[in-house]
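Heads up: the structure comes next, in structure tokens.
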Amino acid sequence: MKKLLMGYSRTLVQYLRSAKGRHDTFDYARGAIIIILVCAVLIYLLRFIGA
């Protein structure tokens, strides 16, 4: 099992070091930040303006 996890982690690191991996990681992080900000705004609007 440990050998399998080491293989997966090595592959993930290689992917993140590639140009496509860096680009994808940046896109996923940007998307996550946008989702978090939209949720925060909606919670604010529902909590303070809606009630």
Per residue, what accessible area does the chain have, given a 1.4 Å probe and all protein chains present, in Å²? 97
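Got a number for carbon plus sulfur as a percent of the chain's accessible area, 1.4 Å probe?
Numbers: 3630 of 4930 Å².
On the chain, the fraction of accessible area on carbon and sulfur atoms equals 74 percent.
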For the chain, how big is Rg over Rh, using alpha carbon atoms and the Kirkwood form of Rh? 1.34
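The values are calculated or read from the model by the stated rules, or taken from the named source; none is laboratory data. All values derive from a computational prediction rather than experimental measurement. For accessibility, only protein heavy atoms count, side chains too; no ligands or nucleic acids. Shrake-Rupley method; radii C 1.70, N 1.55, O 1.52, S 1.80 Å.
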